[in-house]
Amino acid sequence: MHHFQYRDGLLHAEDVPLTRLAEEVGTPLYVYSAATLKRHYLAFDGAFPDLDHLVCYSVKANSNLAVLNLLASLGAGMDIVSGGELHRALSAGADPSRSVFSGVGKQRWEISMALEAGILMFNVESSQELDLLSDTALNLQQQAPVAIRVNPDVDPKTHPYISTGLRKNKFGLPMAAARDEYLRAADLPGLRIRGVSCHIGSQLTQVSPFVDALRRLLDLVDGLRGEGLTIDYLDLGGGLGIVYNQEEPPHPVEYGRVISQEVKDAGLTLILEPGRVIAGNAGILLTRVIYTKRGEVKDFVVVDGAMNDLIRPSLYSAYHEIRPVIETAGASSPKDVVGPICETGDFLAQDRPLTELRPGDLLAVMSAGAYCFVMASNYNSRGRPAEVLVCGDDYHVVRTRERTIDLIRGESVPAEFIARAIS
């Protein structure tokens, strides 16, 4: 369920017509619905009514400060993967004691920052990271709370680029090695073991891979407790999928029921890291047609949004529904919706049935609230789009559009140095 609907043939974000946003803010433009974000968070959090749990929103899905603040205000903790994301979470008012720090390449400065902030737990991904955590915590005269991220070798049945729980993936430690690292961590100074962590992938449309991974983790927890270790938390990660096209992912209530049944008697607090399932369908990319172009073998619609704004179709061959902002009648024909980037791979859709379009028409690229703006770049020296958050019949610009002057901020031309270089 989302709050992007047609009214009298005009697509709205909640009660705001998208034509108004295009006129007042411009395009390309990311538009987020506060009502949808709230609805999705509460639906997910409410799917575990009888279980001690903590929902840590995955900041990497959509890291806009207003989005983070809204979710933190509803009670969400945060799942972060960098010092920059920690800074964003803190700036948005998130509680670090309800947040976890994941990621395979944590650096000393990031670890120090998280320790000083009072992070709930580090999800550790390598033996060397354990050593660095121990050393950093000792230097700060603190104890680093840790869980080891276990790679359970479970096939999530998703796109290979967003699969994270197989042997060949870079994440976590193999199940067989995890026990030994836990025992070693118990003897390292400056560390406090708090839990077990796992994340098997993103955009999962079945519950069974989660259950498979969870059962393997519970066996590990039993073994660790048998060795005298205290395990308070089980972090199952995120990954629950959404509908982009014709997917049929489980509803959070179904997911919560199955997971709760498996873990209810384990004496653990369950940590979950949803991102896409909360933010994905809470946002769109609004874009305007620049030209239409008839080729020899296909027709093109050239829009002002491009792969630098939304790279998922080019990177993953991902499907995003495209809707005309003003509904039009007439026959549809296959068209490629492409951007101005000088790459053949710059497209938002290929061979998509669309009615006839004209320059100036507006299109909405749906399901663009997660892993879209956060992956935007300045390729071809294009400024990144603005972002707006809609609430009811009003909106606020929560990120201004980048200007051409912003593109060279931080750069310099050392004239004397270049003169020597060319002499």
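Taken together, the values in this text are just the output of simple stated rules run on the coordinates, not laboratory data. This structure is a prediction, so every number in the text was calculated from the model and none was measured. Note that we place each Cβ from the backbone using ideal geometry, even for glycine, and neighbour counts take in every protein chain shown.
Annotated for the chain: lysine pairs at least 8 residues apart or interchain, Cα distance under 22 Å, count 10. Orientation-averaged projection of segment 231-289 equals 5.3 nm² [convex hull of Cα atoms, one quarter of hull surface area]. Principal-axis analysis of the Cα atoms of the chain puts helix 108-117 at an angle of about 80° to the longest axis. Annotation for segment 349-412: trypsin sites (Lys or Arg not before Pro) lying in DSSP loop with at most 13 further Cβ atoms inside 10 Å of their Cβ are Arg403, Arg409. Just to confirm the number: angle between the C-alpha axis of helix 208-226 and the first principal axis of the chain, 0 to 90 degrees, nearest 10? So the helix axis and the longest Cα principal axis differ by about 20 degrees. Between Val55, Val124, Val207, the residue with the greatest mean-square fluctuation in the GNM of the chain (Cα pairs under 10 Å linked by springs) is Val207. Across 5 Å bins from 0, what is the distribution of all Cα-Cα pair distances for segment 288-411, in whole percents? Percent of pairs per bin, in order: 2, 10, 19, 23, 20, 14, 9, 3, 1, 0, 0.
Largest mean-square fluctuation among Leu51, Leu407, Leu188, in a Gaussian network model of the chain whose springs join Cα atoms under 10 Å apart, belongs to Leu407. Distance from the Cα centroid of segment 1-43 to that of segment 66-112 is 27 Å (rounded to whole angstrom). By the scheme Lys and Arg +1, Asp and Glu -1, what is the net charge of all other residues having a beta-carbon under 11 Å from that of Thr400? Spelling it out: positives minus negatives among the neighbours equals +1. The share of alpha-carbon pairs in segment 103-272 lying farther apart than 25 Å comes to 33%.
Over all directions, the projected convex hull of the C-alpha atoms in the chain averages 24.6 nm² in area. Computed from Cα positions, the angle between helix 127-139 and the longest principal axis of the chain comes to roughly 80 degrees. Springs between Cα atoms under 10 Å define the GNM used for the chain, and in it the highest mean-square fluctuation of Leu140, Leu348, Leu86 occurs at Leu140.
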